[in-house]
1. Identify all residues within segment 199-217 that are aliphatic (A, V, I, L, M) and closer than 19 Å to Phe139 by Cβ; write none if there are none.
2. For the condition modelled with pLDDT under 95 and of a type outside the set (S, T, N, Q), what is the one hit in Val149, Val130?
3. Quick one: in segment 129-177, which of the residues that are among the polar types (S, T, N, Q) and touching a residue at least 60 places away in the same chain (Cβ under 8 Å) is surrounded by the fewest Cβ atoms within 10 Å (Cβ to Cβ)?
4. Name the single residue, out of those in segment 87-121 being over 24 Å from Pro166 (Cα atoms) and acidic (Asp, Glu), that is surrounded by the fewest Cβ atoms within 10 Å (Cβ to Cβ).
5. So which residues in segment 101-116 are out of contact with any Asp or Glu (no Cβ under 7 Å at 6 or more places or on another chain) and either farther than 16 Å from Val40 by Cβ or not hydrophobic (A, V, I, L, M, F, W, C) (or both), if there are any at all?
6. So which of Glu124, Glu183 is acidic (Asp, Glu), surrounded by fewer than 15 Cβ atoms within 10 Å (Cβ to Cβ) and either over 17 Å from Leu93 (Cβ atoms) or touching a helix residue (DSSP H, G or I) at 6+ places or on another chain (Cβ under 9 Å) (or both)?
7. Considering only segment 24-59, state which residues are loosely packed, with under 12 Cβ neighbours inside 10 Å and outside any helix (DSSP H, G or I).
Amino acid sequence: MPAGERDAADVDVDLDTSHPGSDFATAERLRLAAATRALVDAVVSARTVDDATLAGAADAVARVVDDVRAADTGTVDASLERSHREYEHRSPLVGRASPVAPPFVWRTAGDRVQADGTFPTACEGPPGYVHGGWVALAFDEILGLANAVAGHPGMTGRLTIRYRRPTPLRREVRFTGWVEHVEGRRIVTRATLEADGTTTAEAEGLFVQPTAERRREYFGDQAAYED
């Protein structure tokens, strides 16, 4: 499957846009997100475009933004703002409706979670390489998914990353995450990042399962954050 196509059907957490209540991630919104993602890449990577073309593109984008905002009724169910299912579609890593989410394929492999894909130019740090902040963000996401798949969802308490070497931009990479051990409400999870068969970074996360009281405080009475 090409890296530009996400398929989360194998992941045992709810990333399926067909799930009831996921009206946010309609086919039309996903199409708009993909087009916007391509636009962002063009803005930061096209080097020989003349000013007239850039000005025309800016005007066209401004008109589109005005049209979308004008069509927004502004009425949102407050519970959806804190719903994990709604968040998944807006996530900057796994959100198919998020224009900033890099094109990764997320899947389970036994008791592990894997993500294959490429970081686009917009994720650049050192020239030609991925910004360390994007690597950290992706690690946090895949560790959290590994917890959910293992039946131990939790919130990040500590995230430790060892950057072994720069991670290349626009080249296929693979994240692999798994739960190392669980002790009460504390979960220790690990992950690696590989490019061309070489490990470029490693991560260890300490996660804590919030109490029922804390879940209600953070996420309300909706059960999306529950098992």
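The values are calculated or read from the model by the stated rules, or taken from the named source; none is laboratory data. This is a predicted model, so every value here is computed, not measured. Because the Cβ atoms are built from the backbone with ideal geometry, glycine has one as well, and the counts that use them run over all protein chains shown.
1. Ala201, Ala203, Leu206, Val208
2. Val149
3. Initially, segment 129-177 is screened for residues among the polar types (S, T, N, Q), giving 147, 156, 160, 167, 176.
Those left that are additionally touching a residue at least 60 places away in the same chain (Cβ under 8 Å): 147, 176.
Numbers: Asn147: 26, Thr176: 18.
Checking each candidate, the answer is Thr176.
4. Here the residue is Asp111.
5. Result: Pro102, Pro103, Trp106, Ala109, Gly110, Asp111, Arg112, Val113, Gln114, Ala115.
6. One residue alone meets the criteria, Glu183.
7. Arg47, Thr48, Val49, Asp50 - these are the residues of segment 24-59 that are loosely packed, with under 12 Cβ neighbours inside 10 Å and outside any helix (DSSP H, G or I).
Results for (1) over 16 Å from Ala33 (Cβ atoms); (2) outside any helix (DSSP H, G or I); (3) within 10 Å of the chain's Cα centre (by Cα); (4) modelled with pLDDT under 95, shown as yes or no for each residue.
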site	(1), (2), (3), (4)
Val61	no, no, no, no
Val65	no, no, no, no
Thr73	yes, yes, no, yes
Glu86	no, no, no, yes
His89	no, no, yes, yes
Pro92	no, yes, yes, yes
Val100	no, yes, yes, yes
Arg107	yes, yes, no, yes
